[in-house]
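Contents: one structure, followed by commentary.
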Amino acid sequence: MNYSVPDMKKLATEIRKDIIRMTCEAGSGHPGGSLSSVEIMVSLYFNVMKHDPKNQAWDDRDRFVLSKGHVCPVLYASLARRGYFPPEELMTLRKFGSRLQGHPHRLKLSCLETSSGSLGQGLSIASGMAIGLRMDKKSPRVYCLMGDGELQEGQVWEAAMTGAHYKLDNLCGIVDVNGLQIDGRTSDVKNLEPLADKWKAFGWHTIEVDGHNVEALISAFREAERTKGKPTVILAKTVKGKGVSFMENKAEWHGKPPSKEEAAKALKELGETC
Amino acid sequence: MTEKKSGLNETLHLAPNIYDKVEKIPTRNGFGHGLVELGHANKNVVALCADLSDSTRALWFAEKFPDRFIEVGISEQDMMGIAAGLAAVGKIPFLSTYGVFSTGRAWDQMRTTVAYGDFNVKIASAHGGISVGADGATHQSLEEIALSRVLPNMKVIVPADYWESKKATIASASIHGPIVIRFGREKVPVITTEKTPFVFGKAETFRFGNDVTVFACGPMVYEALIAAKELEKKGIDVRVVNMHTVKPLDEKAIIDAAKETGAIVTAEEHQVNAGFGSAIAEVVVEHYPVPMKRVGVIDRFGESGEPDQLMVEFNLKSTDIIKAIEDVLSRKKK
């Protein structure tokens, strides 16, 4: 079932509120990069990807690999809002006994494809899935979300070579280019630019898009589907902390939860009506 | 009183020529042949290699099943992840490279992607041990057991010879979850036969004995048998146990040996620190402490040389096992 753009915009706001509530309740977690990835996740889980919450192990489902595991709040919220588990469970994030581990663990939550948290490893896993599916002449596509800071890991570029070498046109990477990492601006910490040129030079079809524009994102994903003979990477330009004024473009909100007062302020901005 | 058994275990169909003109084949060949056999038997078996396919013998699979072979180039970390992805869509991937790279360079990938996710990835670690020879320390892997056995969900097999390597490879395809299998480069004595049983997780007593037990893995099983034969002349009755499965350990075999023989020696072509001998010691200490001595590489890196020279230099010969046996016997409670 594909959701309409207005519906997805509403869902994006709901998921942003979930992220604020979850990380506030947990007292830890990563709101900044979760908020920047919301539209990417909504586009995938509510429109682009073929999957079925009622048949999670469906063989022909598209695969999603979260490489930047720390933004699992946005993944958990998207899965819950899509019907994989009750949204109330989101409030167990990071708590003892919860299926919602601080970084995603597939053996705890069966609708996850992988466990992740150590950066730079997801695109390799996604490549393996893409190779295996193609070997069996199966149609599912494989999506992998990375952070821009994460691209400083060398393994990402090993995987980039693999994707191009094996012409994995069933593989689509997405980079949440929010420009910030824990220690500051990516351009100051270790510059990634010219990023699009890098991916092009590695042999990937490269699309640059406004990562908060659902329509543009869906259009980019459709272009990726039509692109044959090479993998596609979507460089989604985003704002870290998007949607909460005092979190936007601030590296300090990478791994800091909002206090109760800050959460109330954020939820008010997001239009919470009590 | 039951009669105490002695001598080689006749029920295991061991090679008839262990002590005389024993045949020598590299264990990596057992991997190569086992993998080809699996390729015929199970279409889901796939192989990966990182620019070492001839050396690891993955090439033999690649030549038969080119569509199921993935050459990843010199990128072991990527290979570990690709293997996990293949497992995630139902394949049974066997990745192969040298042990220093599979369990060392790609350790975090082995930990977080493969072991934590419990993916069905088989990690064929070639060129284990000092006997790699001339390439020297960078390529002589002496840490795989330690690096892999520490990980939850991980299983570890160190086959003793060609046949056991082939059987371990084939068996591992039917055991769910990640497994490290360690192979060597050099020709080593073939002490078993096609008919010798291999049961994952089960230690086999290759030689019965009642005075002391040597637990060995890999090519050190042969050295242990030679040591036992030599000590027979002095009237010392040595039990030799082939502990091919290093994780999970056959704890019963260890506890029985401690109780029945009262002294234990371990033998491995690997660092003793955190290695095979240490794994056995953990069981002994917790269940039935007896005098122990570990034979293996003692906290030093390897170096270049002929394999035989190095085995002597690093105290990995049957004569070193004999010294260790004499040491534990001198400490054994009468």
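Projected onto its three principal axes, the C-alpha set of the protein assembly as shown covers 89, 50, 45 Å, listed from the longest axis down. Residues considered: A:Pro86, A:Pro140, A:Pro31. Largest GNM mean-square fluctuation over chain A, using C-alpha springs under 10 Å, is found at A:Pro86.
Suppose only helical runs count, i.e. DSSP H with n ≥ 4. What mean residue ellipticity at 222 nm does that imply for the protein assembly as shown under -39500 (n - 2.57) per run, divided by all residues and rounded to the nearest 500 deg cm²/dmol? Numbers along the way, then the final one.
On the way: 21 runs with 217 residues, N = 608.
The helix-only estimate for the protein assembly as shown comes to -10500 deg cm²/dmol at 222 nm.
Restricting attention to chain B, close to 20% of DSSP beta bridges with both partner residues there are antiparallel.
Can you give me the Kirkwood hydrodynamic radius for segment B:248-334, using every pair of distinct Cα atoms, in Å to one decimal?
For segment B:248-334, the Kirkwood estimate is 13.7 Å.
Taken as entire DSSP H runs, the helices of chain A that both span 15 Å or more between Cα atoms along their own long axis and average -0.5 or more on the Kyte-Doolittle scale are A:5-26, A:122-135, A:154-165, A:214-226. The heavy atoms of B:Arg300 present about 80 square angstrom of accessible area, all protein chains included, probe 1.4 Å. By the Kirkwood approach, averaging reciprocal distances over each pair of separate Cα atoms, segment A:184-273 gets a hydrodynamic radius of 15.6 Å.
Under the simplified labelling scheme, the B:Asp308-A:Glu225 pair shows an inter-label distance of 6.7 nm, with each label point 7 Å from Cα along Cα→Cβ. Taking 20 Å as the straight-line reach from the Cα of A:Lys50, the lysines in range (excluding those fewer than 8 positions away in the same chain) are A:Lys9, A:Lys137, A:Lys138, A:Lys228. Most simply put, chain A has about 10% antiparallel DSSP beta bridges, counting only bridges with both residues inside it. Expressed to the nearest 5 percent, the antiparallel share of DSSP beta bridges inside the protein assembly as shown is 15 percent.
The order of B:Asp320, A:Asp197 by accessible area, most exposed first and with a 1.4 Å probe, is A:Asp197, B:Asp320. Dividing the Cα radius of gyration of chain B by its Kirkwood radius returns 0.97 for Rg/Rh.
For segment B:298-327, backbone nitrogen atoms closer than 18 Å to the point 7 Å from B:Lys234 Cα along Cα-to-C-beta are found at B:315-327. For an R0 of 51 angstrom, estimate the FRET efficiency from the Cβ-Cβ distance between A:Glu252 and A:Lys137 and round to the nearest 0.05. Efficiency at R0 = 51 Å is approximately 0.55.
Applying 1/(1 + (r/R0)^6) with r as the Cβ-Cβ distance of B:Asn153 and A:Val5 and R0 = 60 angstrom yields a FRET efficiency of 0.90.
In degrees, nearest 10, range 0 to 90: what is the angle between the Cα axis of helix B:276-287 and the longest Cα principal axis of chain B? Roughly 60 degrees, rounded to the nearest 10.
Within chain B, the longest run free of GluC sites (Glu not before Pro) that sit in a DSSP loop with at most 15 other Cβ atoms within 10 Å is B:24-193. Kirkwood hydrodynamic radius computed over segment A:46-85 comes to 11.0 Å, based on all pairs of distinct alpha carbons. Given a 1.4 Å probe and the protein chains as shown, A:Thr206 ends up with an accessible area of around 20 Å².
How large is the Rg to Rh ratio of segment B:1-102 when both quantities use alpha carbon positions and Rh follows Kirkwood?
Result: Rg/Rh = 1.18.
Can you give me the distance in nm between label points at A:Asn213 and A:Thr92, each placed 7 Å from the Cα along the Cα-to-Cβ direction? Computed distance between label sites A:Asn213 and A:Thr92 equals 4.0 nm. Note that segment B:25-189, at 37 °C in a medium of 0.692 mPa s, gets a Stokes-Einstein diffusion coefficient of 219 µm²/s from its Kirkwood radius over C-alpha pairs.
With contacts taken as Cα pairs under 8 Å at a separation of at least 6 residues, chain B carries a relative contact order of 19 percent. Restricting attention to segment B:25-189, the count of lysine pairs at 8 or more positions apart or across chains with alpha carbons under 21 Å apart stands at 20. Comparing B:Ser174, B:Ser102, B:Ser55 in a Gaussian network model of chain B where C-alpha atoms under 10 Å apart are linked, the largest mean-square fluctuation is found at B:Ser174. Taking only alpha carbon atoms, chain A gives an Rg to Rh ratio of 0.94, where Rh is the Kirkwood radius.
Distance from the C-alpha centroid of segment B:261-300 to that of segment B:210-240: 15 Å, rounded to the whole angstrom.
Using a probe of 1.4 Å on the protein chains alone, the accessible area found for A:Phe246 is around 40 Å².
The values are calculated or read from the model by the stated rules, or taken from the named source; none is laboratory data. Remember, it's a predicted structure, so these values are computed and weren't measured experimentally. Note that we place each Cβ from the backbone using ideal geometry, even for glycine, and neighbour counts take in every protein chain shown. The area values use the complete protein model at the heavy-atom level, side chains included, leaving out ligands, DNA and RNA. Shrake-Rupley method; radii C 1.70, N 1.55, O 1.52, S 1.80 Å.
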